[in-house]
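All remarks here apply to the structure that follows.
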């Protein structure tokens, strides 16, 4: 599975995800920002966006996400609240969850992602 991550400030999350992907033989690609994302071939990917880094740019990210085919967008954040989750769901993002929950549930998320393809 191809996993694409935009997270520039949470090195701990990136390191943990790198280990998980390495152990499960998943392809992992880090992008600096959503503009970098739009330049790469990320179709059929699980795209993980760190909300804590990109909170100001969600509308731009959503417009770019419409151009990327067959990908699932997961928004991760340190602390999640219902208002933020509702807003992101209304914007049309596929998954919204805490970073810790994402890491714990990666295998299940991966299975669901692969079932959709």
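We did not get these values from a lab; they are worked out from the coordinates using the rules stated. Since this is a predicted model, take the numbers as computed values, not measurements. Please note: Cβ atoms are built from the backbone with ideal geometry, for glycine as well, and neighbour counts cover all protein chains shown.
Annotations for the structure displayed:
- Estimated inter-spin distance, residue 59 and residue 84, nm [label 7 Å along Cα→Cβ]: 2.0
- The per residue volume of the convex hull around the alpha-carbon atoms of the chain is 96 Å³.
- Relative contact order, percent, the chain [alpha-carbon distance under 8 Å, six or more residues apart]: 26
- Global form of region 69-117, assessed from the alpha-carbon gyration tensor, a/c cut-off 1.5: oblate
- Extension reserve of the residue 108-residue 40 stretch, reckoned as 0.36 nm per residue once the Cα distance is removed: 21.9 nm
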